[in-house]
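The values are calculated or read from the model by the stated rules, or taken from the named source; none is laboratory data. Nothing here was measured: the structure is a model prediction, and the numbers come from that model. So basically every Cβ, Gly included, is an ideal-geometry build from the backbone, and we count neighbours across all protein chains shown. Surface accessibility is based on the protein's heavy atoms, side chains included, excluding ligands, DNA and RNA. Shrake-Rupley method; radii C 1.70, N 1.55, O 1.52, S 1.80 Å.
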Amino acid sequence: MEDYLRRKKHFTSFQIILMGFAGVILIGTFFLLLPLSSRDGEAASFQETLFTSVSAVCVTGLVVRDTAVSWSGFGQAVILVLIQIGGMGVITVAAALTCFSGRKVSLMQQSTMQEAIAAPKLDGMVRLTTFIIKGTFLIESIGALVMMPGFCRDYGARGIWMAVFHSISAFCNAGFDLMGTADRSYASLTAYAANPVINITVMLLIIIGGIGFLTWEDICGNGLRFSRYRMQSKVILTTSLLLVLLPAAYFYQYEFCGFLLAQRLFYSLFQSVTPRTAGFNTADLTELSGAGQSIVIALMLIGGSPGSTAGGMKTTTLAVLLANEVSVFLRKESPQMFGRRIEPDTVRNAATIGMMYLALFFGGALIISISEGLPMGICLFETASAVGTVGLTLGITPGLGALSRMVLIVLMFFGRVGGLTLIYAALSGRRVNVSRLPQEKIMVG
């Protein structure tokens with residue numbers, strides 16, 4: 001009996017990750033409920049604060065209240081702290097606090113962090129934690145310093161806070177902004193669409209945050225010697241580059257052809273980068289064609305890379321699925337990338353994740369469309385934004401009812417924590433069935 005109780009008290013890494021995110025969300029909700037957090041001094045509703053806290057911790061950026069107009073300086077600071085914790089990862093922050101307090105990071109903590117950032121091995125997790133924390137604050141500081149002159153020119157001393165807020169929000173792929181005004185809420189970065197410094201800095205922060213901490217480590221350790229990178233880093237960098245350039249070429253050719261050359265380039269590149277879970281926008285997305293919005297939806301579902309500040313089903317998932325298709329077309333026994341064979345378990349996981357995201361994306365949109373009486377296309381855009389933890393919107397989120405908002409909350413949480421993490425956390429403790437049933441072929445296609 002004692003052994004049974006001891007086993008019941010033991011939490012798996014997946015359950016710890018799940019409870020960590022949920023705990024931070026609840027704490028954030030409590031602070032945002034305080035009248036001090038609202039600009040008008042009146043406490044916001046529980047549903048609004050819960051939605052905002054989930055969106056911040058899950059680095060999504062979907063909001064039901066404009067961040068600049070509705071939240072006070074204290075409320076904005078709470079949101080920024082939640083974004084920072086959510087971007088780096090709850091487990092990474094906890095491990096960092098343990099290191100900096102002088103205590104030893106336990107083996108369980110290291111194992112949990114390995115799962116949280118998708119590290120290939122347990123060795124060196126403490127060193128990697130230090131690398132992540134130092135790298136994060138260095139990059140965010142540089143981003144803030146670069147943007148500070150432009151924001152200070154337009155907002156005075158408040159520009160310092162604006163630069164810090166948007167640097168952290170961009171690096172963490174959160175998409176929260178402070179650009180809204182009483183006359184024009186939910187403005188995002190449209191006022192800086194032609195500003196090269198803000199555009200380039202925000203895009204670089206989004207990309208650097210979205211390629212993953214392990215990829216940084218590879219780049220820092222091997223420089224520009226691409227051949228020496230891990231296969232995962234090669235796949236991430238190659239896929240990320242293609243996912244920026246190909247959509248940008250489409251946007252340049254078909255969506256923003258009415259602008260001057262420089263503006264056209266910035267609009268095209270920014271709208272190609274930001275759907276990869278960042279959530280800022282410099283153009284009115286409602287004016288994109290149906291094809292343009294469909295491309296944005298696809299980019300939102302793909303998202304960033306494993307072990308990064310970004311969400312989505314991940315670039316590596318897409319790459320593995322495409323490699324598997326190629327292997328089937330060429331009648332190869334297993335998919336291959338960069339001279340390496342992909343394990344069958346990896347292919348199965350990729351297929352599972354892809355189907356889970358598509359099911360949640362479509363199912364969530366169906367519920368919202370039925371409950372709100374809205375066109376399915378608009379609802380698909382919002383659910384892709386939520387499950388991909390992006391934050392881009394066609395403007396319907398603030399006006400949604402309670403059921404639709406809860407759907408988006410669930411999708412945001414799922415998108416940030418990860419589908420397999422939720423499934424493994426829920427099914428932990430079940431015995432693994434090692435028996436094998438008789439095999440029989442079934443025709444597909």
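Taking θ = phi - 60°, what integer Hz values does the Karplus form 6.51 cos²θ - 1.76 cosθ + 1.60 yield along the stretch 14-31, in sequence order, with x for Gly and Pro? With the stated coefficients, the stretch 14-31 comes to 5, 5, 5, 4, 4, 5, x, 5, 4, x, 5, 4, 5, 5, x, 4, 4, 5 Hz. Here the Karplus curve 6.51 cos²θ - 1.76 cosθ + 1.60, taken at θ = phi - 60°, turns the phi angles of the stretch 73-80 into couplings of x, 5, x, 5, 5, 4, 4, 5 Hz, with x standing for Gly and Pro.
Give me the extension gain from residue 330 to residue 355: residue separation times 0.36 nm, minus the current Cα-Cα distance, reported in nm with one decimal.
Details: separation 25, 0.36 × 25 = 9.00 nm, distance 2.36 nm.
Result: 6.6 nm gained on full extension.
Rounded to the nearest 20 debye, the dipole size of the chain about its Cα centre is 1580 debye, using +1 on the Cβ of Lys and Arg and -1 on the Cβ of Asp and Glu. Scanning residues 5 or more positions from residue 71 or on other chains, those with amide H under 5 Å from its amide H are 39, with H placed 1.01 Å from N in the peptide plane. Protection proxy ranking of 291-297, 208-214, by the mean of other Cβ atoms within 10 Å over each peptide's residues and highest first, is 208-214, 291-297.
Please give the calculated 222 nm ellipticity per residue for the chain, where each DSSP H segment of at least 4 residues contributes -39500 (n - 2.57) and the sum is spread over every residue; nearest 500 deg cm²/dmol?
Working: 19 runs with 279 residues, N = 445.
Calculated mean residue ellipticity at 222 nm is -20500 deg cm²/dmol.
Taking the protein heavy atoms of the chain in the context of the full set of protein chains, the accessible area attributed to carbon and sulfur is 65 percent at 1.4 Å.
Which one, 227, 91, 406, projects farthest toward the positive side of the charge dipole computed for the chain from Cβ point charges (K/R +1, D/E -1)? It is 227. For the stretch 147-152, the Karplus equation 6.51 cos²θ - 1.76 cosθ + 1.60, evaluated at θ = phi - 60°, returns couplings of 7, 4, x, x, 6, 5 Hz by residue, with Gly and Pro reported as x.
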